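Beneath this line is the structure, given in structure tokens, with notes to follow.
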Amino acid sequence: MKKLVIQIPCWNEEADIARTLYSLPMQVEGFDVTETLVIDDGSTDQTVFEANKAGAHHIITLNRHEGLATAFETGVHYALSIGASVVINTDADNQYCASGIQDLVKPILQEKIDMVIGDRNTSKLGFLPFWKKLLYRIAAHVVTWIIRTKAPDPTSGFRAMTRNFISEISLKDRHSYTIETLLQAVFTGRKVKFVSVRTNPVTRPSRLIKSTLIYMFKTSWAMVYAIFTYAVKPKCLRLFFLKQVVLEGQD
């Protein structure tokens with residue numbers, strides 16, 4: 001049985017979580033079962049109540065506010081425990097149009113892709129301020145240069161991931177999950193694809209980007225850490241152990 005789990009990490013989203021849940025499809029082509037999962041990141045408002053009322057199939061509540069990365073990771077691993085074949089991650093503020101879910105899962109079902117990321121085409125979004133478009137553009141150029149493959153929207157949270165890839169996720173970045181998981185996928189030989197998706201106008205300021213400088217620092221650190229962990233370190237280990245084997249063979 002193929003099961004799709006659509007997860008929504010959220011923190012104090014009582015105003016939007018119901019609208020987001022109601023917009024999600026009850027059935028997605030290619031899957032026998034479609035379920036929703038809300039990860040409440042220690043909300044102090046009525047987020048859980050509203051999610052229950054809107055019919056969320058599963059709700060996980062963290063004891064305290066842990067941050068987006070922890071909520072995301074908790075969700076994807078819980079989704080595996082309930083039998084998810086594929087997990088879709090989307091935002092609680094209804095930023096991403098739910099109609100794009102079919103576009104995200106299609107490459108996984110047809111092309112055996114491990115992770116599909118929704119490209120928001122941020123440069124064309126009229127409601128985004130210039131400074132935020134610039135941040136997204138910088139991130140796209142830097143990540144594209146690192147992985148030597150075009151990455152038009154590496155910070156997009158709207159993505160589909162296979163069960164096999166999710167089982168390998170163990171985040172070290174406590175700020176976000178977007179950059180680290182993308183670099184992990186690429187450097188470990190996973191297949192990644194970007195597809196164009198539509199977005200809804202934002203209804204509130206970003207909670208992830210409170211300061212441009214802090215955001216750039218945290219994002220840069222996530223890139224450096226991911227490069228070291230998934231690209232540099234494995235090469236060093238292979239080189240070290242290869243030399244050790246050669247030396248031992250000469251004894």
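Only the coordinates and a few stated rules stand behind these numbers; no lab work does. Not measured: the values here are computed from a predicted model. Don't worry about glycine lacking a Cβ; one is built from the backbone with ideal geometry, like all the others, and counts go over all protein chains shown.
Structural remarks
- Hits in region 104-157 - residues which are assigned to a helix (DSSP H, G or I) and closer than 17 Å to residue 190 by Cα: 104, 105, 106, 107, 108, 109, 110, 111, 143, 144, 146, 147
- For first residues located in region 116-140 and touching a residue at least 24 places away in the same chain (Cβ under 8 Å), partners that are of a type in the set (Asp, Glu) and lie 6+ apart or on another chain with Cβ distances below 6 Å form the pairs 119/153; 120/153.
- Odd one out for residue 126, checked against (1) touching a helix residue (DSSP H, G or I) at 6+ places or on another chain (Cβ under 7 Å); (2) more than 23 Å from residue 112 (Cα to Cα): (1)
- Checking every residue in region 83-96 against the condition of being more than 17 Å from the chain's Cα centre (by Cα) and farther than 16 Å from residue 195 by Cβ gives at least one match.
- Residue ID - surrounded by the most Cβ atoms within 10 Å (Cβ to Cβ), chosen from residues in region 176-193 that are farther than 25 Å from residue 97 by Cβ and either in contact with a Ser or Thr (Cβ under 8 Å, 6 or more places away or on another chain) or of a type in the set (A, V, I, L, M, F, W, C) (or both): 183
- Close pairs (6 angstrom Cβ cut-off, 6 or more residues apart or separate chains): farther than 23 Å from residue 65 by Cβ and without any contact (Cβ under 8 Å) to a residue 60 or more places away in the chain in region 1-14, assigned to a strand (DSSP E or B) and of a type in the set (Val, Ile, Thr) anywhere: none
- Residue list for region 7-64, restricted to those being over 19 Å from residue 157 (Cα atoms), among the charged types (D, E, K, R) and in contact with a strand residue (DSSP E or B) (Cβ under 9 Å, 6 or more places away or on another chain): 32
- Residue count, region 25-74 (criterion: aliphatic (A, V, I, L, M) and under 30 Å from residue 215 (Cα atoms)): 11
- Hey, residue 123 under 16 Å from the mean Cα position of the chain (by Cα) and over 18 Å from residue 231 (Cα atoms) or not: no
- Residue check, residue 148 over 28 Å from residue 66 (Cα atoms), over 15 Å from the mean Cα position of the chain (by Cα) and surrounded by 12 or more Cβ atoms within 10 Å (Cβ to Cβ): no
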